[in-house]
């Protein structure tokens, strides 16, 4: 699945829960996130945030975190949190290879600091979220994600 396929899924979403797409972010905001964290965002993340500055699904309050909120979160924690569910009960983080920004992983962490790497594809992550395959930690273990 490509990032454009993920956009098509977002635009055509007809699941049983309401999906809200936020207006896309501008380059200034994308650059501010990169400066705040001292990173270069992977190209597919930049493409996503130009398309929509995060999105929400009413089921259990899933939230692809908007860039402004990412900047605010930096004040509390150095992790790059990109998605959360049940009002920050579970969080997905982005780990970027600083030398090759397009090499990254998306992981889920819990309050016990246990981390499980889910995928290295934003498109796959979005697809699984929209198809109901990863909204709870128990659904997100490697090999179990739908």
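Nothing in this text is a laboratory measurement; each read-out follows from the coordinates by a stated rule. Since the model is a prediction, treat every value here as computed from it, not as a measurement. As a convention, Cβ positions derive from the backbone with ideal geometry for all residues, glycine included, and neighbour counts pool all protein chains shown.
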Would you mind ranking 81, 92 by Cβ crowding within 10 Å, fewest neighbours first?
81, 92
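For the pair residue 16 and residue 43, what calculated FRET efficiency results from E = 1/(1 + (r/R0)^6), where r is the Cβ-Cβ distance and R0 = 41 Å, to the nearest 0.05?
Values: r = 32 Å, r/R0 = 0.79.
E between residue 43 and residue 16, to the nearest 0.05, is 0.80.
Taking R0 as 25 Å, what's the FRET efficiency between residue 61 and residue 28 from their Cβ-Cβ distance, rounded to 0.05? Each step should come with its number before you reach the end.
On the way: r = 28 Å, r/R0 = 1.13.
Computed FRET efficiency for residue 61 and residue 28: 0.30.
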Using a/c under 1.5 as the rounded threshold, could you call the stretch 28-75 rounded, prolate or oblate? The axes a ≥ b ≥ c are square roots of the C-alpha gyration tensor eigenvalues, and prolate needs a/b larger than b/c, oblate otherwise.
oblate
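Taking a ≥ b ≥ c as the square roots of the eigenvalues of the Cα gyration tensor of the stretch 3-139, is the shape rounded (a/c under 1.5), prolate (a/b larger than b/c) or oblate?
rounded
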Order of 37, 13, 49, 85 from fewest to most other C-beta atoms within 10 Å?
13, 37, 85, 49
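Only counting other Cβ atoms within 10 Å, I'd like 53, 44, 58 sorted with the fewest neighbours first.
58, 44, 53
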